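The values are calculated or read from the model by the stated rules, or taken from the named source; none is laboratory data. No experiment lies behind these values; they were computed from the predicted model shown. Note that each Cβ is placed from the backbone with ideal geometry, even for glycine, and that neighbours are counted across all protein chains shown.
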Amino acid sequence: MKVVVDDKIPYLLTPLRGIVEVTALPAEAITAEAVRDADALIVRTRTRCDASLLGDSRVRFIATATIGYDHIDTAWCASHDICWTNAPGCNASSVCQYVECALRLLASEGVIAISSSTTIGIVGVGHVGSLVKAMSERLGLRTLCYDPPLAAESSFPNLQSSIFNFQSSLSDLQSCDILTFHVPLTKDGPYPTWHMADEALFASLRRKPLLVNTSRGAVVDTAALKAALREGRIRQAVIDVWEGEPDIDLDLLRMTRITTPHIAGYSADGKARASQMVLDALTTHFGLPSVEAETPPPSSTPYDIDADSLRLKASPSTFEYQRNHYPLRRETISAD
């Protein structure tokens with residue numbers, strides 16, 4: 001069988017080549033022609049998996065080595081008997097590391113205070129948000145969580161709701177000093193997240209919070225955020241994900257202190273976990289021998305989030321290059 005793989009996914013090509021025929025390609029080269037005779041795809045968010053890519057192919061399985069899967073037309077795949085899987089939680093620790101490093105840097109510059117008098121509002125308390133909650137409490141911050149889908153689960157009420165202190169609406173987060181978003185991008189259903197941080201939310205804020213977005217760019221309305229920054233309703237912003245990326249908003253780039261090219265989840269550890277999840281799903285689906293992803297090399301270098309930010313600010317036109325050639329970090333936090 002033949003598998004087409006995004007060549008920027010690390011730690012899986014060597015073990016995969018031991019059990020199947022592999023064609024490794026850059027994302028822009030994963031075209032309808034390239035996948036026509038493939039049985040399976042292993043991709044990242046840059047590959048849109050829909051009728052235009054797959055309609056004339058024999059592909060019957062897609063694995064994305066990412067948490068998000070909004071680049072997969074799941075309805076079309078289901079109607080054409082194409083199974084798909086993602087890697088939920090693979091980079092949760094890495095994103096949590098990124099958020100902690102951003103908070104520590106901004107605290108050192110006096111933008112925020114890391115203390116029990118500071119309230120952080122966590123929007124989305126899944127794999128990433130729950131780790132961010134634990135990290136925030138370890139730092140001594142007061143946490144406030146908002147996750148209506150989780151709160152609505154029939155198995156959820158009572159104990160968990162009292163632990164997570166869920167709120168009934170986004171407006172309940174208006175007194176937070178920090179707002180951080182950890183949700184998937186959805187436009188439909190009872191809880192759409194597209195532009196959930198919009199003019200109405202920013203207008204309701206009682207304080208001037210720091211806004212952190214490491215989820216998806218369109219969760220935050222860029223025009224509304226820029227207006228809120230100009231008018232002082234948002235104190236500062238940390239932006240890792242962008243509307244329209246890789247063609248990012250240069251005004252927002254200049255207005256925000258920490259700006260990175262969608263790499264919050266790009267740790268060696270997170271990539272290795274994603275690769276293993278993809279390999280497990282692929283081998284299980286096709287009844288192949290199980291294989292182990294490669295182990296990331298050790299590193300003693302602490303994560304420097306400021307360096308990542310300065311790199312993007314210096315060369316925003318190389319957003320995609322910086323993302324594709326990012327030097328994967330290990331999930332460690334430097335000492336205070």
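Of the residues making up region 300-322, those that are in contact with a strand residue (DSSP E or B) (Cβ under 8 Å, 6 or more places away or on another chain), assigned to a helix (DSSP H, G or I) and β-branched (Val, Ile, Thr) number 1. The residue of region 99-113 that is surrounded by the most Cβ atoms within 10 Å (Cβ to Cβ), among those that are farther than 22 Å from Ile263 by Cα and in contact with a helix residue (DSSP H, G or I) (Cβ under 9 Å, 6 or more places away or on another chain), is Ile112. For region 259-316, taking the residues that are over 30 Å from Leu106 (Cα atoms) and of a type in the set (Val, Ile, Thr), the one that is surrounded by the most Cβ atoms within 10 Å (Cβ to Cβ) is identified as Val278. Are any residues in region 114-153 surrounded by 20 or more Cβ atoms within 10 Å (Cβ to Cβ) and at positive phi, and if so, which ones? Gly124 - this is the single residue of region 114-153 that is surrounded by 20 or more Cβ atoms within 10 Å (Cβ to Cβ) and at positive phi.
Each residue in region 283-303 was checked for being in contact with a Ser or Thr (Cβ under 7 Å, 6 or more places away or on another chain) and among the aliphatic types (A, V, I, L, M), and 2 pass. Please go through region 216-241 and give me each residue that is touching a residue at least 24 places away in the same chain (Cβ under 8 Å), out of contact with any Phe, Trp or Tyr (no Cβ under 8 Å at 6 or more places or on another chain) and not charged (D, E, K, R), ordered by number. Answer for region 216-241, where residues must be touching a residue at least 24 places away in the same chain (Cβ under 8 Å), out of contact with any Phe, Trp or Tyr (no Cβ under 8 Å at 6 or more places or on another chain) and not charged (D, E, K, R): Leu229, Gly232, Gln236, Ala237, Val238, Ile239, Val241. Among residues that are modelled with pLDDT of 95 or more, hydrophobic (A, V, I, L, M, F, W, C) and not in a loop (DSSP other than H, G, I, E, B), Leu144 is not included.
In region 90-133, which residues are farther than 17 Å from Asn213 by Cα and modelled with pLDDT under 95? Across region 90-133, the qualifying residue is only Cys90.
Consider Val111 carefully, then state whether it is aliphatic (A, V, I, L, M), at negative phi and part of a helix (DSSP H, G or I). So Val111 fails the test. For region 107-129, the set of residues classified as in contact with a Lys or Arg (Cβ under 8 Å, 6 or more places away or on another chain), aliphatic (A, V, I, L, M) and closer than 26 Å to Pro184 by Cβ consists of Ile120, Ile122, Val125, listed by residue number. None of Ala107, Ala29 is more than 20 Å from His127 (Cα to Cα), in the same structural domain as Met135 (by TED's automatic domain parsing) and either without any contact (Cβ under 8 Å) to a residue 60 or more places away in the chain or not acidic (Asp, Glu) (or both) except Ala107.
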